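The values are calculated or read from the model by the stated rules, or taken from the named source; none is laboratory data. Since the structure is predicted, the reported quantities are computational estimates derived from the model, not experimental observations. As a convention, Cβ positions derive from the backbone with ideal geometry for all residues, glycine included, and neighbour counts pool all protein chains shown.
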Amino acid sequence: MSAPDRVGRLSGAVSAGRTFDVFGAHRMGVLLHVSSLPGPFGIGDLGPQARRFVDWLVAAGVTVWQVLPICPPGGPREDIPYGSWAALAGNPQLLSVEDLVEDGLLEPTEVGSAAGFEEGWAYPMEAAAAKETALNRAVQRLMRDHPLSSALSRFRAEERWALETARFAARWKHCPKPWSQWPTSLVSRAPADLARTDAHLADAIDGWVARLFLFERQWARLRTYANRRGVALLGDVPIYVPTDSADVWAEPTGWQLDEHGRPLVITGAPPDAFASEGQLWPVPVYDWEQMAKDDYAWWRLRLRRAFVHFDAVRLDHFRAFSAYWEVPATARTARDGRWVQGPGRSLFAALERDLGPRPLCAEDLGTIDDDVRSLLADTGLPGMKILQFAFGGGPDNPYLPHNIPAHAVVYPANHDNNTSVGWWRSLGDDVRSHVQHYLGRHGDDIAWDLNRSALASPARLAVLQMQDLLSLDGWARMNDPESYRRPVAEWRNWRWRLKPGEASEAVAERLRFLGGLYGRVPS
């Protein structure tokens, strides 16, 4: 089956009574993570500001809102959602205390102080601490006698992943170290040990189940609001999870671990022009042979969970489904790695048997070979095209707009790249000259020059970063791991946030005009 034939099967998600042909129609989207929304509480959340942003998207003619992973983050400052300790769960940092008031779980006077947070930056740990008292009150009311208590009980009974996530969180709080170093009674999943420890940590487990329930409720409210206004949500599924996670603790046979729960091998990327030693990612590698025995049950659950939240999903690091870079866990650099075959088509066949046709796209960047291209063609998933990768070479560069196929998602840049203005200022004269000649523009308005080029391309879906709609410089890039090399106060990784009023009517009008010019605004 050809890609164009297959995309019709893969783009029929239904939510809130509405069908969104996310990758099969001429659309435009905006990339903005929930944590980057404005507001007084130190981090974006799922409440009124999120709904106002949906209204702004509608005014701008945008029909796809792309967000980044919404699972609980990890990393040095609990800010990186691609290293989540609970891949199936939602991030309680994003809960709206204002919506808890609306649900009768808080009094307006119990919201707490939002003072001290600088607008324009997210403070995930500090914001979570500031909300903790209010959230604890809401959870206690929810677990007692409240109109939502029966829904919470059903949630706990029906959603096993939530109980497993809560068990892990409670055990980690009780013993805050990697689970491979826990006492046997905490690691053990023997029924008697599990029941005994659950009873000892019952209050903490119940509290976490309630938090997860509240996230699902608030997310469903936001998704319904967006869908009813004609906006589809495009989400992101990271490919890997850390060893110290609820997922690996609950199902350790799905990963290549030793008898003590430590990784035998890890993964990353081979040496290239950007990293002479390659990249080491300290995460365990899937035991794909073992996972195939139950028809990839964990991955099927993971995608089912994703489609509870989203109308369409981007699969991170798609090339690892074809082959992944395997490195011994003791290696100091990724130079010692090797390519190992991934699950390939068998995983996607299992997903389709279980979920039916679903709208997926692939993050197919990085080291791409014929096997990856063949898997992409076989699954029929649209790949990604980044305009910042297009310039400085010949006319056959696949990222140049005239080479981009309709069956693709095009971005001027995404969260892993510099902003368009920051990128432009970093270019050498030769590449800059190529950009100017190709676009027929001087570059004084480079962010919107690239926005226009993406919208004018043949790709059915064009997604623009919010930072590029505001023509912000490189300080506003989302993923900036180099910031960790600076003092803690100067860390900017995953911290950029919209200021109130920045998503203005003027920006919406400009985007709507260009989107209409290239047929991307609904009539």
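Okay, here's what the table says:
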read-out: Search result, residues across the stretch 271-301 that are crowded, with 22+ Cβ neighbours inside 10 Å, among the aromatic types (Phe, Trp, Tyr) and part of a strand (DSSP E or B); value: TYR286
read-out: One residue from SER471, SER420, SER426, SER457 being on the phi > 0 side of the Ramachandran plot and not aromatic (Phe, Trp, Tyr); value: SER471
read-out: Extreme residue, nearest to MET291 (Cα to Cα), among residues of the stretch 310-357 that are of a type outside the set (A, V, I, L, M, F, W, C) and touching a Phe, Trp or Tyr at 6+ places or on another chain (Cβ under 6 Å); value: PRO343
read-out: Number of the condition not met by ALA114 [criteria: (1) over 30 Å from THR243 (Cα atoms); (2) at pLDDT 95 or above]; value: (2)
read-out: Extreme residue, farthest from ASP429 (Cα to Cα), among residues of the stretch 384-398 that are surrounded by 15 or more Cβ atoms within 10 Å (Cβ to Cβ) and in contact with a helix residue (DSSP H, G or I) (Cβ under 6 Å, 6 or more places away or on another chain); value: LEU387
read-out: Set ALA162, ALA169, ALA128: member being under 24 Å from the mean Cα position of the chain (by Cα), among the hydrophobic types (A, V, I, L, M, F, W, C), surrounded by 15 or more Cβ atoms within 10 Å (Cβ to Cβ) and closer than 30 Å to ALA476 by Cα; value: ALA128
read-out: Close pairs (8 angstrom Cβ cut-off, 6 or more residues apart or separate chains): closer than 21 Å to ARG510 by Cβ and at pLDDT below 95 in the stretch 433-445, assigned to a loop (DSSP other than H, G, I, E, B) and of a type outside the set (Ser, Thr, Tyr) anywhere; value: none
read-out: Test for PHE213: is it out of contact with any strand residue (DSSP E or B) (no Cβ under 7 Å at 6 or more places or on another chain), farther than 25 Å from THR253 by Cα and aromatic (Phe, Trp, Tyr); value: yes
read-out: ALA166 being free of Cβ contacts under 8 Å to residues at least 40 places away in the same chain and small (Gly, Ala, Ser); value: no
read-out: Test result for LYS173, without any contact (Cβ under 8 Å) to a residue 60 or more places away in the chain and outside any helix (DSSP H, G or I); value: no
read-out: Flag for SER276 being touching a residue at least 40 places away in the same chain (Cβ under 8 Å) and more than 18 Å from the chain's Cα centre (by Cα); value: no
read-out: Selected residue (only one of TYR225, TYR240 is at pLDDT 95 or above and surrounded by 20 or more Cβ atoms within 10 Å (Cβ to Cβ)); value: TYR240
read-out: Filtered residues of the stretch 399-440 (kept if touching a helix residue (DSSP H, G or I) at 6+ places or on another chain (Cβ under 6 Å), hydroxyl-bearing (Ser, Thr, Tyr) and surrounded by 21 or more Cβ atoms within 10 Å (Cβ to Cβ)); value: THR419, SER420
read-out: Residues of the stretch 495-523 satisfying the condition of being hydrophobic (A, V, I, L, M, F, W, C), surrounded by 12 or more Cβ atoms within 10 Å (Cβ to Cβ) and either in a helix (DSSP H, G or I) or modelled with pLDDT under 95 (or both); value: VAL507, ALA508, LEU511, PHE513, LEU514, LEU517
read-out: Among the residues listed as TRP423, TRP448, the single one being under 17 Å from VAL30 (Cβ atoms) and either in a helix (DSSP H, G or I) or among the acidic types (Asp, Glu) (or both); value: TRP448
read-out: Odd one out for ILE404, checked against (1) closer than 19 Å to ALA306 by Cα; (2) in contact with a Pro (Cβ under 8 Å, 6 or more places away or on another chain); value: (1)
read-out: Test set (1) surrounded by fewer than 15 Cβ atoms within 10 Å (Cβ to Cβ); (2) over 15 Å from GLY44 (Cβ atoms); (3) of a type outside the set (Gly, Ala, Ser); (4) in contact (Cβ under 8 Å) with a residue 60 or more places away in the chain - LEU469 fails condition number; value: (1)
read-out: The stretch 176-204, residues that are of a type outside the set (A, V, I, L, M, F, W, C) and part of a loop (DSSP other than H, G, I, E, B); value: PRO176, LYS177, PRO178, PRO183, SER188, ARG189
read-out: Criterion (among the basic types (Lys, Arg) and over 18 Å from VAL421 (Cβ atoms)) met by exactly one of ARG452, ARG512, ARG492, ARG477; value: ARG512
read-out: Candidates LEU105, LEU142, LEU88 - the one that is more than 19 Å from MET478 (Cα to Cα) and under 19 Å from the mean Cα position of the chain (by Cα); value: LEU88
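Conditions (1) free of Cβ contacts under 8 Å to residues at least 12 places away in the same chain; (2) over 26 Å from ALA306 (Cα atoms); (3) not hydroxyl-bearing (Ser, Thr, Tyr), marked per residue:
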| residue | (1), (2), (3) |
| --- | --- |
| TRP85 | no, no, yes |
| SER96 | no, no, no |
| GLY120 | no, yes, yes |
| ALA129 | yes, yes, yes |
| ARG137 | no, yes, yes |
| HIS146 | no, yes, yes |
| ALA151 | no, no, yes |
| ALA157 | yes, no, yes |
